[in-house]
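Engineer: What follows is a structure written as structure tokens; I'll ask about it next.
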Amino acid sequence: MTWPWQRRTLATLAAVQVVGGIGTGAGLAVGALLVEEVTGSAAWAGMAVVAMTLGAAAFTVPLSNLAVRRGRRPALTAGWLIGAVGAVAVVTAAQLDLAALLLIGFVLFGASTAANLQSRFAAADRAGADGVGRSISLVVWATTIGSVTGPNLTGPGAVVARWLSVPALAGPQMFSVVAFTVAGVLTWVLLRPDPLEPRAASAPTPPRVRTALPHVRGSTAVAIGAVTSSHAVMVAVMALTPVHMSGHGSSLTIIGVTISLHIAGMYALSPVFGWLTDGWGAEPTILLGQGVLILACAIAGTSGHSEVQITVGLVLLGVGWSMSVIAGAALLTRSVAAAERPLVQGFSDLSMNLAGAGGGLLAGLVVAWWSFGALTFAAALLTLPVVATILAAGRRRAPSG
């Protein structure tokens, strides 16, 4: 009976993800370069991704609570429109050369990421028990289309910037303003009926994140550790890649293509890695993902002036991240009772975003003090605790004799 509603919900969310993903990709591709230009220091370049990731973390809980109280439609609409306000602030800061406003803009920009992530949950709200995976995968694929397209707008963005008399690197942010605004309007107008039944006003306040801590043990801790570490590795290397490429003379167009292919690596093969996790096991898939992350860091860190090599490294970085995060999420889901699962998943998402913010922050400092190669080496080391923990757990479970 809910299938016609579900089809409309999925169509709306897919369309919104394509449009919103364009805005996210366009802004992400030049964020580090824009911060470097405004601050005049490569040490601050990673703060673009740091601010976006902190923004995503900061808005996740408020938007979730709004969804519980009022429904998905107002929550997702708010996330996209706050992201649009953030993109406007970024453009204004670039024009006025105000570093503080630039970082505030990127924090607000991060609300669009929170809306993007919560759209996947919206896709499953009214799905039947046998259609949850299909519903979520459709939204993931739609995210891929928009996110891969967005970084390739860096060249056209520079043209728009000349028309508007703003700095060239602020041009792609204009696409973000338009894309996020359109995504918010589409959500508000078309996401009907709301896929999530809001609670009554007298419903109890959702528990705080810290109440999830007693459940973070055993396989759950392994899963969260894998997701958190893998995200830190990915963000740290990806955040400074545009700066590394720009320093070696790469054009904005080439940088945009590299980032778009990296994002394709993150999302395009996600159904394959889901199948691999189910058929082979979550922990072996995490180990494979960690191996791919190490390989990616080795290739990217030794790329020098080679645009082809750095692109291959970034694609593998996305693939390793995808394997580890999908398998980690599956392991987490199987390790936690249904009653506590949403809370623990929220804690995992918060840890993931904070680790990404930390990775982006330290990445700028490492590159400024040492080199991009040193950054990739340090990032690869972050995989070792995950590998060691999973191997040790496997030995403990192995039968004696």
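Engineer: Can you confirm whether the stretch 363-380 contains a residue that is modelled with pLDDT under 90 and under 19 Å from the mean Cα position of the chain (by Cα)?
Structural biologist: Yes, the stretch 363-380 contains a residue that is modelled with pLDDT under 90 and under 19 Å from the mean Cα position of the chain (by Cα).
Engineer: From the list SER250, SER246, SER306, which residue is farther than 25 Å from LEU391 by Cβ, in the same structural domain as ARG395 (by TED's automatic domain parsing) and free of Cβ contacts under 8 Å to residues at least 24 places away in the same chain?
Structural biologist: Result: SER306 is the single residue among SER250, SER246, SER306 that is farther than 25 Å from LEU391 by Cβ, in the same structural domain as ARG395 (by TED's automatic domain parsing) and free of Cβ contacts under 8 Å to residues at least 24 places away in the same chain.
Engineer: A further question on this structure: Whether any residue in the stretch 33-51 is outside any helix (DSSP H, G or I) and either among the polar types (S, T, N, Q) or in contact with a strand residue (DSSP E or B) (Cβ under 9 Å, 6 or more places away or on another chain) (or both) is what I want to check.
Structural biologist: The answer is yes; a qualifying residue exists.
Engineer: Examine the stretch 262-272 for a residue that is modelled with pLDDT under 85, surrounded by 24 or more Cβ atoms within 10 Å (Cβ to Cβ) and closer than 26 Å to PHE377 by Cβ, and state whether such a residue exists.
Structural biologist: Looking for residues that are modelled with pLDDT under 85, surrounded by 24 or more Cβ atoms within 10 Å (Cβ to Cβ) and closer than 26 Å to PHE377 by Cβ, one finds at least one in the stretch 262-272, hence yes.
Engineer: Here's something else I'd like to know. Out of (1) among the hydroxyl-bearing types (Ser, Thr, Tyr); (2) surrounded by fewer than 20 Cβ atoms within 10 Å (Cβ to Cβ); (3) without any contact (Cβ under 8 Å) to a residue 60 or more places away in the chain, the odd one out for THR285 is which?
Structural biologist: Looking at each condition in turn, THR285 falls short on (2).
The values are calculated or read from the model by the stated rules, or taken from the named source; none is laboratory data. Keep in mind the model is a prediction, meaning the values are calculated, not measured. So basically every Cβ, Gly included, is an ideal-geometry build from the backbone, and we count neighbours across all protein chains shown.
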